[in-house]
Amino acid sequence: MKNIKGPAIFLAQFAGDEPPYNSLENLCQWASNHGYKGVQIPTWDGRIIDLKKAGESKDYCDEFKGRAKQYGIEITELSSHLQGQLVAVNPAYDVMFDGFAPPAVRGNSKARTDWAIQQLKYAATASRHMGIDVHATFRAH
């Protein structure tokens, strides 16, 4: 129990287009104002994180963590729930699961799978860049 960080909150259910839910800074300030010490980042939400950039740049990750830290918030985990589900989708669920994928890969299960695998690789590398040794995701069945 020595490694528990928090209280923390998963930002996915709050992220939106209107302040204070529309950016990392606004969400971190909101979380801090509500007594949270950490946040779990939904990696599929471009309003909060550029996952490709995070997977490719430790400097971006250092800056990202610093943006949260200015509000007294620690990044506790990155989450790739939506992408993890798309690694292997039963064909019976293709149409339903396409809604979790970007428009460019919808209707093409191979492209969607390739995209999802790359997303998980970016997320794993970004976690390492941020010094985070845990990761939240859903696995494919």
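Derivation of every value follows stated rules applied to the coordinates shown; laboratory data play no part. Keep in mind that what you see is a predicted model, and the values were worked out from it rather than measured. For neighbour counting, all protein chains shown are included, and Cβ atoms are generated from backbone atoms with ideal geometry for every residue, glycine included.
Could you tell me the relative contact order of the range 1-121? Use alpha-carbon pairs under 8 Å, at least six residues apart, and round to a whole percent. Rounded, it is 22 percent for the range 1-121.
Can you check how the C-alpha radius of gyration of the range 8-135 compares to 2.2 N^0.38 Å, as a plain ratio?
1.08
Overall, the chain carries a charge dipole of about 360 debye about its Cα centre when +1 sits on the Cβ of Lys and Arg and -1 on the Cβ of Asp and Glu, all other atoms neutral. Extension gain, residue 52 to residue 117, is 22.2 nm, computed as 0.36 nm per intervening residue step minus the present C-alpha separation.
Prolate is the label for the range 6-64. Its Cα gyration tensor axes, ordered a ≥ b ≥ c, give a/c of at least 1.5 and a/b above b/c.
Neighbour counts of C-beta atoms inside 10 Å place 76, 43 in the sequence 76, 43, starting with the fewest. The largest-to-smallest principal axis extents of the Cα set in the range 32-82 are 31, 26, 17 Å. Simple rule: put +1 on each Lys or Arg Cβ and -1 on each Asp or Glu Cβ in the chain, find the dipole, and look at 15, 75, 93; the Cα lying farthest toward the positive end is 75. In plain terms, the chain from residue 95 to residue 10 could stretch by 27.9 nm, reckoned as 0.36 nm per residue minus the Cα-Cα distance.
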